[in-house]
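Only the coordinates and a few stated rules stand behind these numbers; no lab work does. Nothing here was measured: the structure is a model prediction, and the numbers come from that model. Positions of Cβ are backbone-derived with ideal geometry, glycine not excepted, and every protein chain shown enters the neighbour counts.
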């Protein structure tokens, strides 16, 4: 029963990782670099949510505001930095994304200070379902994540721009000659990736404390989940994030609290060396 | 004043050793190492813990270099099988894992409390200027040695092979060279340099905690080599000096701009570093000392 409880707790943690990993995997699949600013975009989302929450007291409204802000931030990052580096090597994009992350973290630190802040949620009695304690707050967060995920998958699979996005991810040159306007697709992609990361940031902020460094600490598990799920596969990222969250939580009694991050590193390494296409990814010529 | 300048010189030279290693890796074989601070930490802790248990400093410094170099060996083997961007993520994870191990294994490293009272170099000399001067001198000698080794590597047949690896690995393989061995050797060599830098750091500061080995240190060094120009000795030197001017200068700035707290300054510092990383990759990818004829 104890482990079942840990697994339930891990699922919510896993959803946060899933969202971060999806943001990473979307960008990686199309712009083809690991966006190291993802964590800091999440931080921006958490702080944005924190501004709105005391005013409205609504988790949904804070989430929407955060998602709008982070989508705008990600789009700005694309227009100001990443778009101009499109013809350059992966290194240039990677280093620039580190730079973007640092700038965002610096702005958050200057604007809000380094005192850890919290969403002051009303305490509520957990639901008891067959001996499992389920926090209503977790349920709300899971719902929020489900809404965002549903929207993201709907955009990807049901809209023309989503189809174009997947076409560009599949074969950029072919998409281009088919008349897909890659500029619009890329802008839409960054908006989507930013929005997903922002939602993850709000969730993380509600579950833990909000500080300028919070997002950076999520980067390792998020990369691990993106690779584990198969780069470029949003569904894989979702699945891998959930698995990673549950595994991390359930391993805590054995390996202790601090080794949780090292665990995701180990999983990432094993996947890279043994099955680089991940759970749902396709096999690529190079890795 | 002289003592202060010497202190800055020592820290600059320590960072220079890190820059040389990173510049050699990226500038020559094209390895993107985001976990350099991990080797720095391994060197610092190895030498500090050995010295505290009574091992002579010379031996503990050698052990630091060997430990860091050996730690690079499996990383090198992994690097052969990964594309550049994956390797960057893996090394970042490596340095974070090293830090987590240091935090967690309290029986060995004393966890977050850190290791205090690490013996100084040249403790037989009177404390103060003489010992500092001797430390700076020794470090300078090590740096010159490292620069010579680096120069030899860049100019030697070995170096030409290395450059060929960066430019066209497949063509090189077709010529019958084995790029894998060179990559691992370069990685181990620069890790050993980082280990020595870590040992100097530990015995100079005399107190180390895991917080001193965060990924930010790696990106300080990255900023230095990107500003200076990657793959060049002159670039590493210029970049590192500018980095130190910036880090120390931002400390003085606080005296002139009233009302800025230490944490705000830290935020500002990160912001400037981020901005410089972006601007240099956008507008001057070859760095200040790079080739001006190329765009």
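Highest mean packing comes first when the peptides A:193-205, A:244-256 are listed by Cβ atoms within 10 Å, giving A:193-205, A:244-256.
Relative contact order of chain B: what whole-number percent is it, with Cα pairs under 8 angstrom and at least 6 residues apart? Please report the intermediate quantities before stating the final value.
Details: 439 pairs, mean separation 95.4, N = 295.
For chain B, the relative contact order is 32 percent.
Within the listed set B:202, B:136, B:236, the residue fluctuating most in the Gaussian network model of chain B (springs between alpha-carbon atoms under 10 angstrom) is B:136.
Comparing A:37, A:240, A:96 in a Gaussian network model of chain A where C-alpha atoms under 10 Å apart are linked, the largest mean-square fluctuation is found at A:96.
Kindly rank A:109-119, A:125-135, A:20-30 from highest to lowest mean number of other beta carbons found within 10 Å of each residue.
Numbers: A:109-119: 15.2, A:125-135: 11.4, A:20-30: 29.1.
With the highest mean Cβ count within 10 Å placed first, the list reads A:20-30, A:109-119, A:125-135.
Spin-label model, residue B:170 to residue B:241: label points 7 Å out along the Cα-to-beta-carbon direction sit 4.3 nm apart.
Quick one: what do you get for segment A:1-120 if you divide its Cα Rg by 2.2 N^0.38 Å? It would help to have the intermediate numbers written out before the result.
Values: Rg = 16.4 Å, N = 120, 2.2 N^0.38 = 13.6 Å.
Cα Rg divided by the expected 2.2 N^0.38 Å: 1.21.
Determine the shape class of segment B:2-87: with a ≥ b ≥ c the square roots of the Cα gyration tensor eigenvalues, call it rounded for a/c under 1.5, and otherwise prolate if a/b is greater than b/c, oblate otherwise. Verdict is oblate for segment B:2-87.
The angle between the Cα long axis of helix A:260-274 and the longest principal axis of the Cα atoms of chain A comes to about 40 degrees, rounded to the nearest 10.
Would you kindly give the portion of the calculated P(r) for chain B that falls above 27 Å, as a percent of all Cα pairs?
Values: 17890 of 43365 pairs.
Result: 41 percent of Cα pairs exceed 27 Å.
In chain A, helical runs assigned H by DSSP with n ≥ 4 each contribute -39500 (n - 2.57); averaged across all residues and rounded to the nearest 500, the mean residue ellipticity at 222 nm is -25500 deg cm²/dmol.
Reducing segment A:158-202 and segment B:112-149 to their Cα centroids gives an inter-centroid distance of 54 Å.
Quick one: grab the alpha carbon gyration tensor of segment B:187-273, order the square roots of its eigenvalues as a ≥ b ≥ c, and give me rounded if a/c is under 1.5, else prolate or oblate depending on whether a/b is larger than b/c.
Values: a/c = 2.23, a/b = 1.38, b/c = 1.61.
In terms of gyration-tensor shape, oblate.
Angle between the Cα long axis of helix A:38-56 and the longest principal axis of chain A, 0 to 90 degrees, nearest 10? Long axis of A:38-56 versus the principal axis of chain A: about 50 degrees.
Segment A:72-145 and segment A:45-68 have Cα centres lying 12 Å from one another. Normalising by residue count, segment A:69-136 has a Cα convex hull of 177 Å³ per residue. Build a GNM of chain B with springs between Cα atoms under 10 Å apart, and of B:47, B:28, B:156 the one that fluctuates most is B:156.
A helix-only calculation puts chain B at -25000 deg cm²/dmol for mean residue ellipticity at 222 nm, using -39500 (n - 2.57) for each DSSP H run of at least four residues, averaged over all residues. Axis angle, to the nearest 10 degrees, between helix A:214-229 and the longest C-alpha principal axis of chain A: 60 degrees.
Placing one identical point scatterer on every Cα of the protein assembly as shown and ignoring solvent, what is log10 I(q)/I(0) from the Debye formula at q = 0.06, 0.07, 0.08 Å⁻¹? Cα-only, vacuum Debye calculation for the protein assembly as shown: -0.31, -0.42, -0.56.
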